[in-house]
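Visitor: Could you have a look at this structure, given as structure tokens, before my questions?
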Amino acid sequence: MARAPLLQLTDIALTFGGDPVFEDLSLVVQPGDRVALVGRNGSGKSTLLKVMAGLVEVDTGGVVVAPGMSVGYMEQDPSMEGCATLGDYATSGMDPSDAWRVDSVAEGLKFDPARDVNVASGGERRRAALAKLMAEAPGLMLLDEPTNHMDIEAIRWLERELSQTRTGYVLISHDRAFLNALTRATLWIDRGQVRRQEQGFEHFEAWRDKTWEEEDMQRHKLNRKIKQEARWAVEGISARRTRNQGRLRALQDLRAEKAGQIKRQGTAAMALDAGQSSGKRVVEAVGLHKSFAGKDIVKGFDLTVNRGDRIAFVGPNGVGKTTLIKMLLGEVEPDKGSVKHGTNLEIAVFDQARAKLNPQTTLWDNLTTDPSMGVSGKADQVMVRGQPKHVVGYLKEFLFDEAQVRAPVHSLSGGEKARLLLARLMARESNVLVLDEPTNDLDIETLDLLQDLLGDYPGTVLLVSHDRDFIDRVATTTIAMEGNGRAVTYAGGWTDYRNQRAEDEVAAPKVSKAKTKAEAPKEEAQEGLSFTEKHRLEELPNVIARLEAEIAKLGELMADPALFTDHPVKFQKATDALLERQEKLDAAEEEWMMLEEKAAG
């Protein structure tokens with residue numbers, strides 16, 4: 001028997017008073033769906049999620065949610081007015097008996113529920129919004145860029161949780177590895193049209209390219225037919241006869257069809273110019289020590305950066321990646337050790353906080369008032385890699401339209417702010433690029449272009465990113481900052497680092513017989529495991545304990561005899577949650593036993 005859909009949109013239209021965002025759009029989300037929602041920046045992805053969540057009212061058409069079904073939406077920029085702490089926000093509107101779930105999710109997402117909302121970062125606020133959504137356990141989750149500002153460890157935790165849930169979800173993300181691991185279907189927004197493919201994101205680009213190829217073929221056939229009919233209309237001696245008027249009207253229809261076609265949005269005309277070459281040796285760091293408030297950032301760290309290197313810095317949030325880069329650039333003094341710079345360094349920085357953008361001024365002003373950009377002497381021009389360009393023309397190269405040029409920066413989306421910052425960065429010559437989380441909010445096509453540019457860039461790149469796929473495609477060296485001052489250099493990108501780390505663990509010398517009995521079993525028991533398996537074995541007891549605590553809480557809740565009669569929907573949700581957690585507990589215990597046996601063998 002076919003299952004009723006969780007949510008259905010039928011012939012919806014939405015304009016916001018201008019050109020249609022969507023027109024005649026219909027789609028269905030089924031139980032258990034794991035859907036990637038993709039499209040260019042500004043195509044309407046977030047708007048569509050808000051329509052699904054009931055937060056944006058459509059002009060025409062219908063939005064139907066299954067009876068008894070709850071839809072949860074993760075806001076990118078949640079309002080926390082009236083809440084003192086992140087935990088207060090995450091538990092707001094929640095039954096007190098369910099509030100324990102927030103602490104469980106907060107541990108995995110790595111944020112402090114007791115943190116004051118007034119000092120919390122944007123990333124912490126976003127993680128609190130995600131924790132609220134997951135703790136509320138709706139029947140359908142709508143996730144808008146959930147991995148932004150999240151470190152890789154937390155991303156992998158979220159990946160595991162979403163891979164095990166029975167709840168359906170629709171997911172917007174720029175993180176290819178995340179999308180590839182989780183999605184089974186793809187919704188693609190392209191020029192107001194939404195297409196669906198019953199395959200996950202890993203098949204999206206081949207599908208998109210085939211669709212565009214077919215579109216180009218149809219456009220070519222249409223142009224050829226118009227050309228043939230237009231020649232007949234000019235040259236044909238009987239064009240004015242009554243019996244041929246239909247053919248003329250058909251030609252007019254063909255021309256109207258061509259005029260009505262919406263051109264695909266191009267990619268930004270981004271370019272990098274390294275200018276004069278730097279010296280072969282860019283940075284040489286020897287014996288760096290640095291600590292803040294008793295916390296070690298690095299201890300005895302050595303690094304040589306040569307011209308053309310692409311070095312990625314990875315590690316948990318707060319471990320000191322940005323601080324280490326600032327030490328290498330000479331912006332922060334080490335406690336011990338030395339840093340020497342090579343010759344002719346021209347450094348350009350992309351900062352994740354977008355601090356170089358003034359949100360209160362216009363895009364125009366943000367380009368023409370920065371001394372580092374250089375100005376041609378005219379208010380309407382900006383120097384772009386040594387050549388004057390009109391501000392509007394240059395912004396159009398980065399996909400901004402003329403109406404946006406005089407708009408304030410705070411009105412831009414996250415992806416548009418990232419493009420504006422790239423426009424500033426790429427206007428100047430540089431032979432050392434420092435990119436701190438450049439992938440946040442950028443669409444897939446812009447990411448592809450940025451990767452290609454970095455591949456051809458003759459200068460040096462220092463990169464901080466939590467995007468595993470991006471690191472794999474760009475980095476030639478990865479520095480893993482593991483906490484307690486430990487920073488280890490590995491050849492290659494993220495996957496190479498993980499493989500080498502696993503090999504290092506397997507190749508580690510056996511535990512000395514001189515070790516105490518208290519030390520030996522724990523280390524010897526893990527000799528036969530890969531690094532990933534070892535980490536998982538250490539993690540599983542906490543997972544099992546958490547699941548047991550959740551099962552106990554749910555058992556207490558269901559022990560109330562009035563729950564079934566007075567709150568049947570809540571009783572059913574608790575029953576489903578109990579079954580789900582029991583299955584997870586059984587799987588975790590089985591995995592723990594398997595790893596223990598493998599380690600012992």
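Visitor: Out of curiosity, is Glu590 part of a helix (DSSP H, G or I), crowded, with 16+ Cβ neighbours inside 10 Å and either of a type in the set (A, V, I, L, M) or modelled with pLDDT of 75 or more (or both)?
Guide: In short, no.
Visitor: Do we find that Val51 is part of a loop (DSSP other than H, G, I, E, B), touching a Phe, Trp or Tyr at 6+ places or on another chain (Cβ under 9 Å) and surrounded by 15 or more Cβ atoms within 10 Å (Cβ to Cβ) in this structure?
Guide: No.
Visitor: Now for a separate question. For the structure I just gave you, tell me whether Leu9 is over 22 Å from the mean Cα position of the chain (by Cα) and closer than 26 Å to His149 by Cα.
Guide: no
Visitor: Among the listed residues Glu124, Glu159, identify the single one that is modelled with pLDDT of 90 or more and in a helix (DSSP H, G or I).
Guide: Glu159
Visitor: For the subset of the range 7-48 comprising residues that are in a strand (DSSP E or B) and of a type in the set (Gly, Ala, Ser), which member is nearest to Glu159 (Cα to Cα)? Outline the logic, then answer.
Guide: As a first pass, look at the range 7-48 and keep what is in a strand (DSSP E or B): 7-14, 22-29, 34-39.
From what's left, of a type in the set (Gly, Ala, Ser): 13, 26, 36, 39.
On the way: Ala13: 33, Ser26: 29, Ala36: 14, Gly39: 21 Å.
Looking at the filtered set, the residue picked out is Ala36.
Visitor: Filter the range 387-408 for residues that are of a type in the set (Phe, Trp, Tyr) and not in a helix (DSSP H, G or I) and give the result.
Guide: Hits for the range 387-408 are Phe398, Phe400.
Visitor: So is Glu124 under 14 Å from the mean Cα position of the chain (by Cα) and free of Cβ contacts under 8 Å to residues at least 60 places away in the same chain or not?
Guide: So Glu124 fails the test.
Visitor: In the range 303-321, how many residues are without any contact (Cβ under 8 Å) to a residue 40 or more places away in the chain and of a type outside the set (Val, Ile, Thr)?
Guide: Residues flagged as without any contact (Cβ under 8 Å) to a residue 40 or more places away in the chain and of a type outside the set (Val, Ile, Thr) within the range 303-321 amount to 1.
Visitor: I've got another one for you. For Glu23, are the conditions met, namely being out of contact with any Gly (no Cβ under 6 Å at 6 or more places or on another chain) and of a type in the set (Asp, Glu)?
Guide: It is false that Glu23 is out of contact with any Gly (no Cβ under 6 Å at 6 or more places or on another chain) and of a type in the set (Asp, Glu).
Visitor: For Leu143, are the conditions met, namely being closer than 24 Å to Leu412 by Cα, touching a Leu at 6+ places or on another chain (Cβ under 6 Å) and assigned to a helix (DSSP H, G or I)?
Guide: The answer is no for Leu143.
Visitor: Still on this model: Answer yes or no as to whether Leu547 is surrounded by 14 or more Cβ atoms within 10 Å (Cβ to Cβ) and within 17 Å of Met94 (Cβ to Cβ).
Guide: Spelling it out, it is not the case that Leu547 is surrounded by 14 or more Cβ atoms within 10 Å (Cβ to Cβ) and within 17 Å of Met94 (Cβ to Cβ).
Visitor: Can you tell me which of (1) at pLDDT 90 or above; (2) over 18 Å from Ile444 (Cα atoms) is the one Leu171 doesn't meet?
Guide: Failed condition: (2).
Visitor: Give all pairs with beta carbons closer than 7 Å in which a residue from the range 392-411 that is touching a residue at least 40 places away in the same chain (Cβ under 8 Å) and surrounded by 12 or more Cβ atoms within 10 Å (Cβ to Cβ) meets a residue that is of a type in the set (Lys, Arg) and part of a helix (DSSP H, G or I); count only pairs at least 6 apart in sequence or on separate chains.
Guide: Qualifying pairs under 7 Å: Phe398/Arg419; Leu399/Arg419; Val409/Lys417.
Visitor: Of the conditions (1) surrounded by fewer than 18 Cβ atoms within 10 Å (Cβ to Cβ); (2) modelled with pLDDT of 90 or more; (3) over 24 Å from Thr183 (Cα atoms), Thr85 satisfies every one except a single condition; which number is it?
Guide: Evaluating Thr85 over (1) surrounded by fewer than 18 Cβ atoms within 10 Å (Cβ to Cβ); (2) modelled with pLDDT of 90 or more; (3) over 24 Å from Thr183 (Cα atoms) leaves (1) as the failure.
Visitor: Check the range 523-538 and report whether any residue there is of a type outside the set (Gly, Ala, Ser), modelled with pLDDT of 75 or more and part of a helix (DSSP H, G or I).
Guide: yes
Visitor: Name, by its number, the condition in (1) touching a helix residue (DSSP H, G or I) at 6+ places or on another chain (Cβ under 9 Å); (2) at pLDDT below 90; (3) farther than 30 Å from Leu109 by Cβ that does not hold for Arg354.
Guide: It fails just one condition, (3).
Visitor: In the range 110-117, is there at least one residue being crowded, with 16+ Cβ neighbours inside 10 Å, at pLDDT below 85 and under 24 Å from His410 (Cα atoms)?
Guide: Looking through the range 110-117, none of the residues is crowded, with 16+ Cβ neighbours inside 10 Å, at pLDDT below 85 and under 24 Å from His410 (Cα atoms).
Visitor: Go through the range 91-108 and give me each residue that's more than 14 Å from Arg546 (Cα to Cα) and in a helix (DSSP H, G or I).
Guide: Correct list: Thr91, Pro96, Ser97, Asp98.
Visitor: Another question, then. In the set Asp365, Asp436, which member is without any contact (Cβ under 8 Å) to a residue 24 or more places away in the chain and acidic (Asp, Glu)? Talk me through it step by step, then tell me what you get.
Guide: Values: Asp436 fails: without any contact (Cβ under 8 Å) to a residue 24 or more places away in the chain.
Exactly one residue qualifies, and that residue is Asp365.
The values are calculated or read from the model by the stated rules, or taken from the named source; none is laboratory data. Quantities reported herein were computed from a predicted structural model and do not represent experimental measurements. Every residue, glycine as well, gets a Cβ built from its backbone with ideal geometry; the counts of neighbours run over all protein chains shown.
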